[in-house]
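A.B. asks: The structure that follows is given in the form of structure tokens.
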Amino acid sequence: MRTLLIAALILAAPLAAAQAPASPAPAAALPRTASPPGAEAYIISPRDGATVTSPVRVQFGLKGMGVAPAGVKFENTGHHHLLIDTDAPADAGAPLPATDKIVHFGKGQTEASVPLSPGKHTLQLLLGDQNHVPHNPPVISSKITITVTR
Ligand SMILES: [Cu+2]
């Protein structure tokens, strides 16, 4: 275990040197995981402005990173969270809460069937690390608006 930790530290060192202050975070705080340059989350479908029926099949796109289940620490990975009719929480350094508007896909899912009431809804993807904390900088999609007819 100790060897693994040291190896992880060595691997993380160039990133940490580039973006983080030299002093380590306090032990009690959850450290934020760096995202690689160019990482991008996006909603493959539905398209922005689409008219759809419920349940809505939402496909999650991710570029420049991989998907890993929650609880698994692996460089440049995370799991998807679907923000439904809400913005990302202001405190980007805290684990995302699990609510009916912030849905975790901690098994590493890359699509979901989402029941939505008729009317307009917004959807947005936000990647979280193994502790459900958004990366630094956050890997977040643009927000789309869809209309559910029934
Ligand atoms: Cu999560």
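A.B. asks: With a 1.4 Å probe and all protein chains in place, put I102, I44 in order of accessible area, largest first.
C.D. replies: Greatest to least solvent exposure: I44, I102.
A.B. asks: Okay, next question. Output ³J(HN,Hα) for the range 34-45: one whole-Hz value per residue in order, computed from phi by the Karplus curve 6.51 cos²θ - 1.76 cosθ + 1.60 with θ = phi - 60°, and x for Gly and Pro.
C.D. replies: My calculation for the range 34-45 gives 6, 9, x, x, x, 5, 8, 9, 7, 8, 6, 8 Hz in order.
A.B. asks: How much length is gained if the chain between N136 and K107 is pulled fully straight, taking 0.36 nm per residue apart and subtracting their Cα-Cα distance, in nm to one decimal?
C.D. replies: On the way: separation 29, 0.36 × 29 = 10.44 nm, distance 2.16 nm.
Once the chain is fully extended between N136 and K107, it gains 8.3 nm.
A.B. asks: Okay, moving on. Under a straight-distance cross-link criterion of Cα-Cα below 19 Å, which lysines are reachable from K73, leaving out those fewer than 8 residues away in the same chain?
C.D. replies: Those lysines meeting the cut-off are K63, K107.
A.B. asks: Give the lysines whose C-alpha is closer than 17 Å to that of K120, dropping any in the same chain fewer than 8 places away, or say none.
C.D. replies: K101, K143
A.B. asks: Further question: Which of the peptides 34-41, 68-75, 139-146, 123-130 is most tightly packed, and how do the rest follow, going by the mean number of other Cβ atoms within 10 Å of each residue? Before the final figure, lay out the partial values.
C.D. replies: Values: 34-41: 16.1, 68-75: 13.9, 139-146: 17.8, 123-130: 21.9.
Most protected by this proxy first, the peptides run 123-130, 139-146, 34-41, 68-75.
The values are calculated or read from the model by the stated rules, or taken from the named source; none is laboratory data. A quick note: this is a predicted structure, and the numbers were derived from the prediction, not measured. Cβ atoms come from the backbone with ideal geometry, glycine included; neighbour counts cover every protein chain shown. Areas reflect the complete protein model, heavy atoms only, side chains present, ligands, DNA and RNA absent. Shrake-Rupley method; radii C 1.70, N 1.55, O 1.52, S 1.80 Å.
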